[in-house]
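What follows is calculated from the coordinates using simple rules that are stated; it is not laboratory data. Everything numeric here is computed off the predicted structure, so don't read it as measured data. Glycine also receives a Cβ, built like all others from the backbone with ideal geometry; neighbour counts cover every protein chain displayed.
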Amino acid sequence: MQNMKLEGRWIVVTGASAGLGREMSIVLARDWGANVIPVARRADRLEALATEIREKHGRECLPIGADLASAHGPERVFEGATDGRDVYGAILNAGVTFSGHAIEQDHDDFERMLATNVSSQVSLSKRFGRYFADRGDGGGIMLVSSLTSMAPFPYQAAYAGTKAFLTTYGRSLAHELRARNVSLTVFMPGGIATDMLDVSGMGKWKKGDVGVMDVEVCAREAVRGFVKRKGFHVPGFVNQLSAIALKLAPHAIAVKVIAKIYNDGVSMAAPAPAPAPAPAVSDKSPAESRKDLS
């Protein structure tokens, strides 16, 4: 398939109110001349982004406020995006993270993570996959996964698990869609200098440190991989080496190294929760660090 032609075309970006999603929206408009449909829950941030894209970069922008963890969130996004316009691409970036001991994650928070990171991605990729296949004009999808999907990640257990699903699902779906002239890229960043780095328990690392990418650099790499229709895209030489190491290293070794790195971050992020006095039972579990960044 030829590279995507984004000039004047509509591209959906979920999780666009902050971090990587916001930067990808700007890169799409500024560097590739695309019109952008940014999606997130935080309407005020979306409106600020829309103003910047229209006034500074001269492109059209249609913000859609939606909670992708809700039952009808994905449908709302798809119907709103395709109502009266031809959508050419969808970058599915929205995600929720949690750092800490898995057994201490509140189960409602886990269900929200599952809905945002997995269920909404599957729903939107199916809807846009069928839409692009029916249009037949070579549209494309990108799923934003993570290097955490490539090995066991203690203290990021649920998050890494959702990303592992996304990587396997995305690479499988890419094969199915290729025959219908639709590309699907699985984007696999490592650490990015955004708010999510603090939430992930890695706040002691910062932009410029080994393995931590500047968010704008990462966004440019993401869009480049999307345009080139790469099936699997890891940005940056250090991340590419890390991906090889995670793939080749025995999990028994990898998990010990990762646990040490993340345990240090978790310890810095918040004190260990005090044990509940017996025999009291609480239906709320302490979370050492969490934040919804969709």
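Given their separation in residues at 0.36 nm each and the Cα-Cα distance between them, LEU241 and GLU104 gain 46.1 nm when the chain is fully extended. Can you sort VAL212, VAL77 so the residue with the fewest Cβ neighbours within 10 Å comes first? Fewest-to-most ranking of VAL212, VAL77: VAL212, VAL77. Highest mean first, the peptides 124-137, 80-93 sorted by other C-beta atoms within 10 Å per residue fall in the order 80-93, 124-137. Here SER17, SER123 are placed in order of increasing Cβ neighbour count within 10 Å, fewest first, which gives SER123, SER17. Calculated FRET efficiency, LYS5 to ALA48, Cβ-Cβ distance, R0 = 35 Å: about 0.80 to the nearest 0.05. Around the amide H of ILE37, modelled in the peptide plane, lie the amide H atoms of ILE11, VAL12, VAL13, LEU62, all under 5 Å away and 5 or more residues distant in sequence or on another chain.
Label-to-label distance, HIS72 versus LYS56, with points set 7 angstrom from Cα along the beta-carbon direction: 3.5 nm. When both the range 111-130 and the range 9-39 are represented by their alpha-carbon centers, they are found 19 Å apart.
Oblate is the label for the range 38-188, because the ratio a/c of its alpha-carbon gyration tensor axes (a ≥ b ≥ c) is 1.5 or higher and a/b is not greater than b/c. Legend: ranking of residues MET1, MET188, MET113 from fewest to most surrounding C-beta atoms inside 10 Å; resulting order MET1, MET113, MET188. Extension gain for LYS228 to ASP214 (0.36 nm times residue separation, less C-alpha to C-alpha distance): 2.9 nm.
Taking amide H as placed 1.01 Å from N in the peptide plane, the amide H of MET142 sits under 5 Å from that of ALA90, ILE91, LEU92, THR185, each at least 5 places away or on another chain.
Phi-derived couplings, Karplus 6.51 cos²θ - 1.76 cosθ + 1.60 at θ = phi - 60°, listed residue by residue for the range 153-163: 10, x, 6, 9, 4, 5, 4, 4, x, 5, 6 Hz, with x used for Gly and Pro.
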